[in-house]
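Working notes, structure below.
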């Protein structure tokens, strides 16, 4: 309600919706972000006039007042070091927005017009200013909807440095699977690099390129299959399996 999100650089929220910041691929330079969120209540007045041959109503929408948080930040991005600095102002309080609009309705005409707009200023119960430096750029994430092998809907997040399975409990183990061109399973094995990266419902993929992994899996297949596809089978602690596509072996 009454929020803004204005940027001049590549900014994004993580798919966990818990953090906001500059992401990998941002150009060097400055960005400005304003976020306002909370619960707002509209303020208004209404009056009616009734006579023998004349009837009119006047409604005044005064604006709204919001209780919530406001966060304003200026960021400077440094792509070479994959970091950014930020000057941040966080507030918790009441944020009134006064912009009266009159609506006049009569038998003969209808008119609406804005009177004025006034910034009443924020009423802060708590505010904090910080200037953290050297923040790491966020890794771009993509949220995907899929199903487990038994058809249960599930969401997973894939980024360059991790794959996270949502709402399915913990990962028990992960296997690499190679499927031949016709779709039949050609090879199944445990990759030590992958097994070492399992942590709860997240697989650490730091330094691993899924496309290159797919090509490597195909090339090391006993049948030398180079026209199939590669997947990761996430075996969850609840007994279900989530299959995630890595790429083909061309």
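Summary of computed values
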{"quantity": "Average Cα contact separation per residue, segment 141-248, under 8 Å, 6 or more apart, as relative contact order %", "calculated": "29"}
{"quantity": "Likely footprinting exposure, 129, 59, fewest C-beta neighbours within 10 Å first", "calculated": "129, 59"}
{"quantity": "Ascending count of other beta-carbon atoms within 10 Å, so fewest first, for 149, 203", "calculated": "149, 203"}
{"quantity": "Segment 107-146 and segment 88-102: distance between their alpha carbon centers, rounded to Å", "calculated": "10"}
{"quantity": "Binned Cα-Cα distance frequencies in segment 91-250 - 5 Å width, integer %", "calculated": "2, 8, 13, 13, 12, 9, 5, 4, 5, 6, 5, 6, 5, 4, 2, 1, 0, 0"}
{"quantity": "Order of 166, 188 under a 10 Å beta carbon neighbour criterion, fewest first", "calculated": "188, 166"}
{"quantity": "Segment 11-136: relative contact order as a whole-number percent, Cα under 8 Å and 6+ apart", "calculated": "23"}
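Every number here is computed from the coordinates shown, using simple stated rules; none is lab data. All values derive from a computational prediction rather than experimental measurement. Neighbour counts run over all protein chains shown; Cβ positions are idealised from the backbone, glycine included.
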